[in-house]
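Student: Take a look at the following structure, please.
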Amino acid sequence: MNIAKALEALVDRCVDVIARDELATRLAEGRPLRVKLGIDPSGPLLHLGHAVVLRKLRQFQDLGHQAILIVGDFTARIGDPTGLSTSRKPRTQAEISADMQTYAAQAALILDVEKAVVRYNSEWLAPISFADVIRLSARVTVARMLERDDFSKRFKSGVPIGLHEFLYPLSQAYDSVATQADVELGGTEQLFNLLMGRRLQEEEGQRPQICMTLPILEGTDGVQRMGKSLDNYIALQDEPSVMFGKVMSIPDQLIARYWQLATTRPKPEYEAIERDMQANELSARDSKVQLAAEIVRLYHGPALARSAHDHFEKTVVRKELPDDMPCLPLPPDEASLMLGPLLVKLGWAASNREAARLVRQGAIKVDGKRIDDEKHRESSWRDKVLQKGNHQFARLGAEQKR
């Protein structure tokens, strides 16, 4: 691929590219660029929101560049200011280690992890002295830190800002110095931190990195960014039928955005889909079915994408039970259990509170009947069909039907 085409492919889907001409210059040098992506572990689950930037990193890999995945194990101990205007709770090393055990397997669904370089920023941040911290801090003013949107809002509204929080963007910036990054990727909310890395590299006598940000993907609710805590996420490791159903649940106004950000379709194709929808030549439902199949295909392959489509048509459209349904063993005290505690014991809810929320939201059915009381009991739960949402079914305490 020539430089002009490579440049167009790499900047596609990006919001910020600082600076495009610098990226073109480095591509013309004919060497593998060092492309950095930082991860501050806050849980072991990756979803389609994470995939947006991971796919851009894979695109660099496919063009022969070096992917550098920075695991922010040291930075995670500090915490990071969040969009909720509160301080993210610092994580222990034990928590980080447990989380990171599954990251590589999930990232491998997108990245060529065997060719990627994985670095932990504790390698260079843990050994530095307090004198080094003071020296680095002297490179940045408080006024510059308050340019960050969240800091600014919190300062104006009188919400406390811990001094340690200022060290987070500085620490992330030093990651770029330590790895001599040519390019750093991140979501749009990371632009301040990326630019901080660019500035610090210049201060350290390095060529400043190119900063490239990608859009934040909204979750299935169509309002807030995708996240596990909001229960509006589509996990990379979701079962095919679950993934298909979740994509089908997104609001129609997000279809074009998901084609752009959650698939690998080139720009002419996803723009053509949007034009067809606007001209009513392609219905929202048909486009969404194609979108769901495309996303499942990316993570599970074409055969399972077809099976997931068939499952959706059978269980959601025709309201039939699936052909293959797992059997869940019942606890010994099943006859005395209310629905809420039963969901917890079966692993369908993390707590009684979550179980109650699911029931009250109408997400739970027993033998096809929606139950709205978490205290609901059956004389026996044996052989009952339990359903969560449109995609999760199980028969309780009976041999699996064949």
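Student: Hey, can you tell me all the residues within segment 160-193 that are at pLDDT below 95 and in a loop (DSSP other than H, G, I, E, B)?
Tutor: Residues satisfying the conditions are PRO160, ILE161, GLY162.
Student: May I ask you to list pairs of residues, at least six apart or on different chains, whose Cβ atoms are under 6 Å apart, with the first in segment 129-153 being under 17 Å from ALA178 (Cα atoms) and the second being modelled with pLDDT of 85 or more?
Tutor: These pairs meet every condition: LEU136/LEU170; ARG139/GLU203.
Student: What is the one condition in (1) more than 21 Å from ASP238 (Cα to Cα); (2) crowded, with 17+ Cβ neighbours inside 10 Å that ARG275 does not satisfy?
Tutor: Condition not satisfied by ARG275: (2).
Student: Which helices (runs of 4 or more DSSP H) sit wholly inside segment 226-278 and have at least 2 residues that are without any contact (Cβ under 8 Å) to a residue 24 or more places away in the chain and over 23 Å from ARG306 (Cβ atoms)?
Tutor: Hits in segment 226-278: 267-278.
Student: Quick check: anything in segment 236-255 crowded, with 17+ Cβ neighbours inside 10 Å and within 30 Å of SER171 (Cα to Cα)?
Tutor: Yes, that holds for at least one residue.
Student: Being loosely packed, with under 15 Cβ neighbours inside 10 Å and not assigned by TED's automatic domain parsing to the domain that holds LEU111 narrows it down to one residue among ARG297, ARG377, ARG357; which is it?
Tutor: Matching residue, one of ARG297, ARG377, ARG357: ARG377.
Student: Go through segment 12-25 and give me each residue that's surrounded by fewer than 16 Cβ atoms within 10 Å (Cβ to Cβ), in contact (Cβ under 8 Å) with a residue 12 or more places away in the chain and assigned to a helix (DSSP H, G or I).
Tutor: ARG20
Student: Which of the residues spanning segment 69-105 are assigned to a loop (DSSP other than H, G, I, E, B), modelled with pLDDT of 70 or more and β-branched (Val, Ile, Thr)?
Tutor: Of everything in segment 69-105, those that are assigned to a loop (DSSP other than H, G, I, E, B), modelled with pLDDT of 70 or more and β-branched (Val, Ile, Thr) turn out to be THR92, THR102.
Student: Can you report the number of residues in segment 151-177 which are surrounded by fewer than 19 Cβ atoms within 10 Å (Cβ to Cβ), on the phi < 0 side of the Ramachandran plot and among the small types (Gly, Ala, Ser)?
Tutor: Residues meeting the conditions: 3.
Student: Find the residue count for segment 94-150, including only residues that are surrounded by fewer than 13 Cβ atoms within 10 Å (Cβ to Cβ) and among the basic types (Lys, Arg).
Tutor: Result for segment 94-150: 2.
Student: Return the residues of segment 118-159 that are part of a loop (DSSP other than H, G, I, E, B) and either outside the structural domain of GLN66 (by TED's automatic domain parsing) or of a type in the set (Ser, Thr, Tyr) (or both); say none if nothing qualifies.
Tutor: Passing the criteria: SER129, THR141, SER157.
Student: With the requirement that a residue be among the β-branched types (Val, Ile, Thr), over 23 Å from ILE128 (Cβ atoms) and in contact with a helix residue (DSSP H, G or I) (Cβ under 9 Å, 6 or more places away or on another chain), what does segment 162-189 give you?
Tutor: VAL183
The values are calculated or read from the model by the stated rules, or taken from the named source; none is laboratory data. The structure presented is a predicted model; accordingly, all values stated were derived computationally and were not measured. Methodologically, a virtual Cβ is constructed for each residue, glycine included, from the backbone with ideal geometry; neighbour enumeration extends over all protein chains shown.
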